[in-house]
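One structure below.
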Amino acid sequence: MADRSALRAELATATRILGRHELIGMFGHVSLLTEDPERYLICPGAGRRKDLCRPDELFELGLDDEFRPGLPLELYIHAAMHRAKPEIASLIHVHSPNLVALAAMAEPPGELLMMHASFWPERIPLWDRPELIRDHEAAEQFVRTMGDSGLGLMRWHGAVIVGRTVREAVFRAILAEQHAGLLLASLAHGGPLSTVTAPRDALYAEVLPATTHDMHWRFESSYVLLDE
């Protein structure tokens, strides 16, 4: 089997960062596609401390693998996304409160209130089924619902965030929860909003290039170093 030590270290760090931000914990999970597009790494499932995740606690799976104890129950989302869009290296599924609150709204808001969340879709894809995604068929349907968006909401459930790198996905997940909180607070006061009007793709390329993802990664990873 190929040496995955560098990828394992990176995904374990991502898992701890997301755990520190309480984006994943008892529930929630993150994956990273390997150099073999038929295989991916994924963090442990429910009940494991994500903020303490070590590289040897990760699982390596094939795209056709099924759930077994210890794995995330909804691993099928990751497999379906990596199969359909191999350019997506990382997927994060969260149950964080602000994004769950938006997913409960009849029409989740697409307004953009901060430049650094310029990946926020003007119309957010919404999975409208009150059930977990527990098989390949449902996961494939979810991926089609999400389309090319970097963010998708799951009614009464949570959200999925993707990135071309695990660093981009982690940065997006943190910013998505922050931006969802800003939207909830701003909509609650009832006053008119002054939203970002610049084209979002161009703004994202300007404000959030790969160098910014790397800088953010260095900052965040400094808080989750493991004891030897």
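The values are calculated or read from the model by the stated rules, or taken from the named source; none is laboratory data. Because the structure is a prediction, the values reported are computed rather than measured. Glycine gets a Cβ as well: all are built from the backbone with ideal geometry, and neighbour counts include every protein chain shown. With ligands, DNA and RNA removed, areas are computed over all heavy atoms of the protein, side chains included. Shrake-Rupley method; radii C 1.70, N 1.55, O 1.52, S 1.80 Å.
Of the solvent-accessible surface of segment 80-228, computed with a 1.4 Å probe over protein heavy atoms with every protein chain present, carbon and sulfur atoms account for 54 percent. Remark: the chain carries 47 Å² of accessible area per residue (probe radius 1.4 Å; ligands, DNA and RNA excluded). Across q = 0.12, 0.14, 0.15, 0.19 Å⁻¹, segment 44-130 modelled as identical point scatterers on its alpha-carbon atoms has Debye log10 I(q)/I(0) values of -0.53, -0.71, -0.80, -1.14, in the order of the q list.
3J(HN,Hα) along segment 212-226: 5, 4, 5, 4, 4, 4, 4, 5, 5, 5, 5, 8, 10, 5, 8 Hz, from the Karplus curve 6.51 cos²θ - 1.76 cosθ + 1.60 with θ = phi - 60°, whole Hz, x for Gly and Pro. For segment 15-52 versus segment 129-200, the inter-centroid distance based on Cα atoms is 18 Å. Note on Ala188/Ala6: beta-carbon distance plugged into 1/(1 + (r/R0)^6) with R0 of 30 Å gives a FRET efficiency of 0.10. Relative contact order of the chain: 22 percent, from C-alpha pairs under 8 Å at least 6 residues apart in sequence. Within segment 57-97, the ratio Rg/Rh, alpha carbon atoms throughout and Rh by Kirkwood, equals 0.96. With a ≥ b ≥ c the root eigenvalues of the C-alpha gyration tensor of segment 1-74, is it rounded (a/c under 1.5), prolate (a/b larger than b/c) or oblate? Oblate, because a/c is 1.5 or more while a/b does not exceed b/c. The angle between the Cα long axis of helix 75-84 and the longest principal axis of the Cα atoms of the chain comes to about 80 degrees, rounded to the nearest 10.
Think of segment 116-211 as a dipole: +1 on every Lys or Arg Cβ, -1 on every Asp or Glu Cβ, centred on the Cα centre; then among His189, Gly163, Ala138, His189 lies furthest on the positive end. This model, with +1 at the C-beta of Lys and Arg and -1 at the C-beta of Asp and Glu, gives the chain a dipole about its Cα centre of some 400 debye. For the chain, what is the calculated [θ] at 222 nm in deg cm²/dmol (nearest 500), taking -39500 (n - 2.57) for each run of four or more DSSP H residues and dividing by its residue count? -12000 deg cm²/dmol, from helical runs alone. Charges were assigned to the Cβ only: +1 to each Lys and Arg, -1 to each Asp and Glu. The resulting dipole of segment 111-207 about its Cα centre is roughly 120 debye. Translational diffusion of segment 107-228 was estimated from the Stokes-Einstein equation, with Rh taken as the Kirkwood radius over Cα pairs; at 4 °C and 1.567 mPa s the coefficient is 81 µm²/s. Other residues whose C-beta falls under 12 angstrom from the C-beta of Ser90 contribute a net charge of +1, scoring Lys and Arg +1 and Asp and Glu -1. Considering only alpha-carbon pairs that sit under 8 angstrom and 6 or more positions apart, the relative contact order computed for segment 149-206 is 15 percent.
The three principal axes of the Cα atoms in segment 31-88 give end-to-end lengths of 30, 19, 14 Å, sorted in falling order.
For segment 174-187, putting each phi into the Karplus relation 6.51 cos²θ - 1.76 cosθ + 1.60 with θ = phi - 60° gives couplings of 4, 5, 5, 5, 5, 5, 4, x, 4, 4, 4, 5, 5, 5 Hz, in residue order, rounded to whole numbers and with x for Gly and Pro. In sequence order, segment 40-56 has phi-based couplings of 9, 9, 8, 6, x, x, 4, x, 9, 5, 5, 6, 10, 4, 10, x, 6 Hz under the Karplus curve 6.51 cos²θ - 1.76 cosθ + 1.60, θ = phi - 60°, and Gly or Pro positions carry x. Computed from the C-beta positions of Ala202 and Ala101 and an R0 of 25 Å, the FRET efficiency is 0.25 to the nearest 0.05.
Relative to 2.2 N^0.38 Å, what does the C-alpha radius of gyration of the chain come to as a ratio? Two decimals please. Scaled against compact globular proteins, the figure is 0.97.
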